[in-house]
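The values are calculated or read from the model by the stated rules, or taken from the named source; none is laboratory data. In this text, all values refer to a predicted model and were calculated from it rather than measured experimentally. Heads up, the Cβs are rebuilt from the backbone with ideal geometry, glycines too, and the neighbour counts pull from every protein chain shown. With ligands, DNA and RNA removed, areas are computed over all heavy atoms of the protein, side chains included. Shrake-Rupley method; radii C 1.70, N 1.55, O 1.52, S 1.80 Å.
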Amino acid sequence: MPLPARADSDQNLAWCKGQGSPTLPQQIGGCTALIDGKSGEARERALTYFRRAGAYLQQQDYDKAIGDFGDGLALDAGNAAAYYGRAIAYEAKKDTDRAIGDYDSAIERDPRNVKALSNRAALYADMRAYERALEDNNRVLELEPDQAAGYVARGLTYARRGDFEYALRDFDKAISLDATSAIAYFNRGRVNFSKGEVERAIEDYGAAIDIGPKNASAFESRGFAYLSQGQMDKAIADYDIALQLDTKRATALYGRGTAKQKKGDASGADDIAAAKAIKPDIAGAFEQSGVQR
């Protein structure tokens, strides 16, 4: 009789560790059996909680993930990866303060944790705490000076702060390091458009689209650029693709409707009505950008 029990224990441990390609429910079940058995040293039990938390995180069950990360940290408070994982869960729940607190804890325990630094920088940028965001962006680049992603992230911070020249330099650097970085081309296009360099923006959006994968934002942004130039057919074609990729994209509906109406196509009113049904105040975004019906 002891042999089957040992076999079950080995299976639970393997699944909890993710060995043997378990499903998420199997991984959670394996970890739960180990937790209920209350065996092993404190650090080993903590790892079991962390592994189950990671599975819950993949299931987007953020409350259970947070609970398990907390239980594991009570047994092993020095685990930087657990603070990072719990921060992701808090961020998914829009609990920014707790997310930043856990990123702080992860970075304190692992100052070279690039992912935690990058995520904290993005949260600071969302809060318009640009100086703090740039401190983290700069630290990431000190740690990984040859990675395009770090320059893209800092470029985004500069762009959001309105420092377009610094942003362009970072996007240029990212592209020099990785000519297949669609996100670098896309964001350089956005900055060029904001500067009034519409042709350059269209070129950058086109490069992002050519690199792929297909991205509704890239088609919509190029469509908007064409619309600003009065190239209505090209604008409509890009908006069509954006809406194929995301049928509920209000800004693309409004843009396509605007382009159609400028061509004298009365069906544009249907697109505009559909856009307003999704986002009633959508006209303001177009008026502020200088593109009006």
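From the list LEU227, LEU243, which one is surrounded by fewer than 22 Cβ atoms within 10 Å (Cβ to Cβ) and not polar (S, T, N, Q)?
The conditions single out LEU243.
Would you be able to tell me the number of residues in the range 109-139 that are outside any helix (DSSP H, G or I) and polar (S, T, N, Q)?
Going through the range 109-139 one residue at a time, the tally reaches 1.
Consider only pairs whose beta carbons are under 7 Å apart and that are at least six residues apart or on different chains; among these, list those whose first residue lies in the range 150-163 and is farther than 13 Å from ASP126 by Cβ and in contact (Cβ under 8 Å) with a residue 24 or more places away in the chain and whose second residue is of a type in the set (Val, Ile, Thr) and open to solvent by 20 Å² or more (accessible area, probe 1.4 Å).
VAL152/ILE183
Can you say whether ALA33 is of a type outside the set (D, E, K, R), touching a Gly at 6+ places or on another chain (Cβ under 8 Å), in a helix (DSSP H, G or I) and surrounded by fewer than 18 Cβ atoms within 10 Å (Cβ to Cβ), as far as the supplied structure shows?
Answer is no for this residue.
Would you mind listing the helices (runs of 4 or more DSSP H) fully within the range 209-293 where at least 1 residues are farther than 17 Å from VAL198 by Cβ, among the charged types (D, E, K, R) and in contact with a Ser or Thr (Cβ under 7 Å, 6 or more places away or on another chain)?
250-262
Restricting to the range 85-108, name every residue that is open to solvent by 30 Å² or more (accessible area, probe 1.4 Å), in contact with a Phe, Trp or Tyr (Cβ under 7 Å, 6 or more places away or on another chain) and not in a loop (DSSP other than H, G, I, E, B).
ARG86, ALA92, ARG98
So, in the range 189-208, how many residues would count as being open to solvent by 30 Å² or more (accessible area, probe 1.4 Å), over 17 Å from ASP238 (Cα atoms) and touching a residue at least 24 places away in the same chain (Cβ under 8 Å)?
Residues that pass the stated criteria total 2.
Can you name the residue in the range 38-60 that is within 17 Å of TRP15 (Cβ to Cβ) and not in a helix (DSSP H, G or I) and is also least open to solvent (accessible area, probe 1.4 Å) among such residues?
GLY40
Return the residues of the range 50-76 that are on the phi > 0 side of the Ramachandran plot and of a type in the set (Lys, Arg); say none if nothing qualifies. Don't jump to the end; show me each part of the working.
Within the range 50-76, the subset on the phi > 0 side of the Ramachandran plot is 60.
Once the filter is applied, which keeps residues that are on the phi > 0 side of the Ramachandran plot and of a type in the set (Lys, Arg), the range 50-76 yields nothing.
Looking only at the range 150-176, count how many residues are within 20 Å of the chain's Cα centre (by Cα) and crowded, with 18+ Cβ neighbours inside 10 Å. Before you say what the answer is, go through the steps one by one.
The initial filter retains those residues of the range 150-176 that are within 20 Å of the chain's Cα centre (by Cα), namely 150-161, 167, 170-171, 174-175.
From the residues that got through so far, the ones that are crowded, with 18+ Cβ neighbours inside 10 Å too are 150-159, 167, 170-171, 174-175.
The number of residues fulfilling the criteria is 15.
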